[in-house]
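Data block below; observations after.
The values are calculated or read from the model by the stated rules, or taken from the named source; none is laboratory data. Everything quoted here is computed from the prediction, not taken from an experiment. Cβ placement follows ideal geometry from the backbone for every residue including glycine, while neighbour counts extend to all protein chains displayed. All accessible areas refer to the heavy atoms of the entire protein, side chains included, with ligands and DNA or RNA removed. Shrake-Rupley method; radii C 1.70, N 1.55, O 1.52, S 1.80 Å.
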Amino acid sequence: MSNLDILNSKNQSFFLPIGGIGEIGGNNYLYSFKGEQIIVDAGISFADDSLPGVDITIPDPYIFLNPSIKPKAMILTHAHEDHVGGLEYYFDQIDFPIYCNQFTYAYIKHKFKRIPDFEKKFHIIKSYQEISFKNFSFQLIPTTHSIPDPTGIFFKTNDGNIYHTGDWKIDKDPVTGDPFDYDNFKILKDENIDLLIGDSTNAGVKEISRSESELDPSFDRLFEDLNGRIIVTCFSSNIARLKTVISNAIKHKKKIFVVGRSIKRAITTAIEEKLIDNFEILNEKLFADYNRDNVVLICTGSQGEKNSALSKIANNTHNHIKLSPKDNIIFSSKEIPGNEKAISYLKNSFSYLGLNIISDEDDFVHVSGHPNRDDLKDMYNWVKPQCVIPVHGEHRHMAEHVLFAKEMQVPKTLLIENGDIIKLLPGDKPEIIDKAPSGKIYLDGTINVETDSQS
């Protein structure tokens with residue numbers, strides 16, 4: 001892999017996306033600042049029907065685990081699985097520190113409790129705390145998203161400054177954490193951002209961005225009006241959504257059941273961090289014992305994952321959870337591209353059972369955690385980067401981001417692919433100069449099935 005040797009150059013800085021480009025999920029990026037490498041995020045992606053028997057994929061970590069690359073550290077922007085879920089599959093091979101904030105650590109530590117001294121690899125840092133290396137420094141810049149304590153990363157070098165946005169949106173009234181702070185845009189403006197590497201998921205969305213807190217009245221109304229059991233499915237790490245569902249279930253004196261290991265872990269973390277008040281989670285074996293009108297079930301599997309508890313419930317094969325006609329299921333999540341067929345199959349299965357199906361097409365039960373055009377416009381008006389490289393999105397999302405950045409008079413843009421080696425600084429503009437092998441590791445549960453690497 002001689003083309004990776006360029007990342008050890010003492011004269012230039014580079015960016016190499018390992019995952020997260022042309023896809024929703026699998027966020028995994030490498031920066032090299034004059035021979036000092038740092039990894040940003042370690043995410044997973046959910047496999048679609050094109051990969052039968054495969055549950056999840058992770059970007060192939062060989063690029064930063066091979067002997068020729070010696071990263072100084074890894075930085076985790078926030079605790080969503082598409083940014084941290086891959087870490088558990090190669091945690092034992094990492095011999096460099098992992099930097100993150102308190103909530104991110106609190107969420108992911110449950111994955112590693114069986115590993116002796118696992119906590120020694122983690123360095124918990126505060127927002128704005130500057131961590132310095134020979135050729136660069138970085139700070140975590142707080143933002144808002146659908147999870148507590150999301151951050152962007154501000155990199156400072158002698159040759160220029162870079163802002164890696166992470167996942168973000170402008171939420172002035174989030175359910176968890178502090179409201180979006182425009183002062184952070186001012187900080188970035190004052191620091192003169194040469195290059196912005198940014199979230200593209202909703203770059204083509206012109207509708208008004210809505211706050212996570214605006215969902216509370218909807219769930220209040222639905223829990224008041226619906227007869228029969230209420231099943232709510234959402235992403236397990238969407239702590240804000242879980243808090244909204246749980247608080248309204250308690251308000252309406254519902255008995256709460258939670259099914260799914262990851263969602264139980266998320267709720268446990270939120271309770272430990274005092275983001276959700278402690279409450280009684282009933283044993284799923286007792287599900288049939290309670291009045292149907294007084295039951296709320298919170299469940300993972302909103303993307304149609306075949307091995308999820310929700311799929312077993314939909315197929316009437318779950319050991320304890322059996323539903324009846326006129327029960328209700330609320331899909332409180334967005335369909336990730338590629339999962340449409342699996343989700344449609346799931347909804348049809350619930351339809352055969354006679355359930356009332358509610359999604360964001362039917363009612364106000366979901367808001368996105370990513371920046372729409374208004375949010376991007378606000379950021380660009382403040383920060384005024386000299387160049388934008390879109391990440392985190394399918395190709396069409398990133399192409400929309402490029403077009404919008406040009407509309408906002410950003411002087412330079414660059415559309416890239418996983419595996420591209422991009423020269424960042426110095427130079428009058430970033431450019432793709434080489435290609436590194438990149439690909440996915442396919443996983444069935446926790447079993448390594450196959451590696452698909454392409455150069």
From the set of residues in the stretch 301-312 that are out of contact with any strand residue (DSSP E or B) (no Cβ under 7 Å at 6 or more places or on another chain) and open to solvent by less than 70 Å² (accessible area, probe 1.4 Å), which is modelled with the highest pLDDT? 311
May I ask you to list the residues in the stretch 142-166 that are outside any loop (DSSP other than H, G, I, E, B) and either at positive phi or not β-branched (Val, Ile, Thr) (or both)? 142, 152, 154, 155, 156, 160, 161, 163, 164
Subset of the stretch 223-244 that is of a type in the set (A, V, I, L, M) and open to solvent by less than 10 Å² (accessible area, probe 1.4 Å) - its residue that is nearest to residue 365 (Cα to Cα): 232
Wholly within the stretch 75-141, helices (runs of 4 or more DSSP H) carrying at least 2 residues that are more than 27 Å from residue 169 (Cβ to Cβ): 87-90
Report every pair of residues separated by at least 6 positions or lying on different chains whose Cβ atoms are under 6 Å apart, first residue within the stretch 317-329 and on the phi < 0 side of the Ramachandran plot, second part of a loop (DSSP other than H, G, I, E, B). 323/353; 325/354; 327/228; 327/229; 327/355; 328/226; 328/228; 329/355
Looking at 31, 89, which one is under 20 Å from residue 154 (Cβ atoms) and touching a residue at least 40 places away in the same chain (Cβ under 8 Å)? 31
Using beta carbons and a limit of 6 Å, which pairs, at least six apart or on different chains, have the first residue in the stretch 116-129 and more than 17 Å from residue 74 (Cβ to Cβ) and the second one at pLDDT 95 or above and not aliphatic (A, V, I, L, M)? 127/142; 128/139
Per the list (1) closer than 28 Å to residue 145 by Cα; (2) modelled with pLDDT under 95, residue check on residue 31 breaks on (2)
Any residue that is in contact with a strand residue (DSSP E or B) (Cβ under 7 Å, 6 or more places away or on another chain), open to solvent by less than 10 Å² (accessible area, probe 1.4 Å) and hydrophobic (A, V, I, L, M, F, W, C) - is there at least one of those in the stretch 186-194? yes
State whether one or more residues within the stretch 65-80 are farther than 28 Å from residue 141 by Cβ, open to solvent by 20 Å² or more (accessible area, probe 1.4 Å) and in contact with an Asp or Glu (Cβ under 8 Å, 6 or more places away or on another chain). yes
Single condition residue 7 does not satisfy, out of (1) farther than 25 Å from residue 346 by Cβ; (2) open to solvent by 10 Å² or more (accessible area, probe 1.4 Å); (3) of a type in the set (A, V, I, L, M): (2)
The residue from 173, 199, 181 that alone is among the acidic types (Asp, Glu), closer than 30 Å to residue 333 by Cα and buried (at least 20 other Cβ atoms within 10 Å of the Cβ) is 199
All positions within the stretch 87-107 that are touching a helix residue (DSSP H, G or I) at 6+ places or on another chain (Cβ under 7 Å) and loosely packed, with under 15 Cβ neighbours inside 10 Å: 93
Of those in the stretch 266-290 that are part of a loop (DSSP other than H, G, I, E, B) and in contact (Cβ under 8 Å) with a residue 40 or more places away in the chain, the residue surrounded by the fewest Cβ atoms within 10 Å (Cβ to Cβ) is 273
Taking the criterion of being assigned to a loop (DSSP other than H, G, I, E, B) and within 28 Å of residue 338 (Cα to Cα), would at least one residue in the stretch 62-69 satisfy it? no
Breaking point among (1) of a type in the set (Ser, Thr, Tyr); (2) assigned to a helix (DSSP H, G or I); (3) buried (at least 22 other Cβ atoms within 10 Å of the Cβ), for residue 247: (3)
Out of 132, 127, 146, sole residue that is open to solvent by less than 70 Å² (accessible area, probe 1.4 Å) and modelled with pLDDT of 95 or more: 127
Would you pick out the residues in the stretch 357-385 that are among the small types (Gly, Ala, Ser) and open to solvent by less than 30 Å² (accessible area, probe 1.4 Å)? 359, 369
Identify all residues within the stretch 386-435 that are over 24 Å from the mean Cα position of the chain (by Cα), surrounded by 15 or more Cβ atoms within 10 Å (Cβ to Cβ), under 25 Å from residue 61 (Cα atoms) and not aliphatic (A, V, I, L, M); write none if there are none. 423, 430, 434, 435
